[in-house]
Amino acid sequence: RREVVVARQLASIATCDIVLYSVGGVETDSTIVSCGALPAEDLPEFRRQGATGVIGGQLIDRSGMWMDCPYNRRVISADLDDVKRIPIRFMVVIENEKHDALSAALRGGFATHLVISEELGKRLLAG
């Protein structure tokens, strides 16, 4: 984070006007596991601690809040508060199995606009 190039890139997030992204799940076949960032055997413990989704490579809990855990403390990623300050935040989710992760992201204020499947929309509206 202290490397000049990395610090400059992370700081530039605060100047963004729009972001297009998704929320990840915390299943053993999720991107956070397949990319090698987190071993699958660590997920059950993080889920017990409340991990529900992944934003910018960082675990969020059911309330959409950043989890204070060893994994998140070592990840080099955008500050999630900076992400939430971006005025236009498009979140795209089509996988029905990401319902809980999407709900957490919405509770956390990570989206101003949604592009989701019809089934996810119905599930969100049903509560």
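Out of the range 101-125, which residues are closer than 26 Å to Asp81 by Cβ and open to solvent by 20 Å² or more (accessible area, probe 1.4 Å)? Within the range 101-125, Leu106, Arg107, Gly109, Ala111, Thr112, His113, Leu114, Val115, Ile116, Leu124 meet the criteria. Checking each residue of the range 28-47 against the condition of being modelled with pLDDT under 95 and within 18 Å of Phe110 (Cα to Cα) gives no match.
Consider Gly109 carefully, then state whether it is touching a helix residue (DSSP H, G or I) at 6+ places or on another chain (Cβ under 7 Å) and on the phi > 0 side of the Ramachandran plot. Yes.
For the range 85-99, state whether one or more residues are assigned to a helix (DSSP H, G or I), open to solvent by less than 10 Å² (accessible area, probe 1.4 Å) and at pLDDT 95 or above. The answer is no; no qualifying residue exists. Counting only strands (runs of 3 or more DSSP E) that sit completely within the range 1-80, those holding 2 or more residues that are loosely packed, with under 14 Cβ neighbours inside 10 Å and not basic (Lys, Arg) correspond to 18-21.
If you go through the range 23-44 and keep only what is over 20 Å from Ser117 (Cβ atoms), among the hydrophobic types (A, V, I, L, M, F, W, C) and in contact (Cβ under 8 Å) with a residue 24 or more places away in the chain, you end up with Ile32, Ala37, Leu38. Among residues of the range 1-22 that are in contact (Cβ under 8 Å) with a residue 24 or more places away in the chain, those with a Cβ under 6 angstrom from a residue that is open to solvent by 100 Å² or more (accessible area, probe 1.4 Å), sequence gap 6+ or separate chain, pair up as Arg1/Ile76. Scanning the range 78-94 for residues that are touching a residue at least 40 places away in the same chain (Cβ under 8 Å) and either small (Gly, Ala, Ser) or touching a helix residue (DSSP H, G or I) at 6+ places or on another chain (Cβ under 8 Å) (or both) gives Ala78, Asp79, Asp82, Val83, Arg85, Ile86, Arg89, Met91, Val93.
The values are calculated or read from the model by the stated rules, or taken from the named source; none is laboratory data. It should be emphasised that the depicted structure is a prediction, and the values quoted were computed from it without experimental measurement. Neighbour counts run over all protein chains shown; Cβ positions are idealised from the backbone, glycine included. Areas reflect the complete protein model, heavy atoms only, side chains present, ligands, DNA and RNA absent. Shrake-Rupley method; radii C 1.70, N 1.55, O 1.52, S 1.80 Å.
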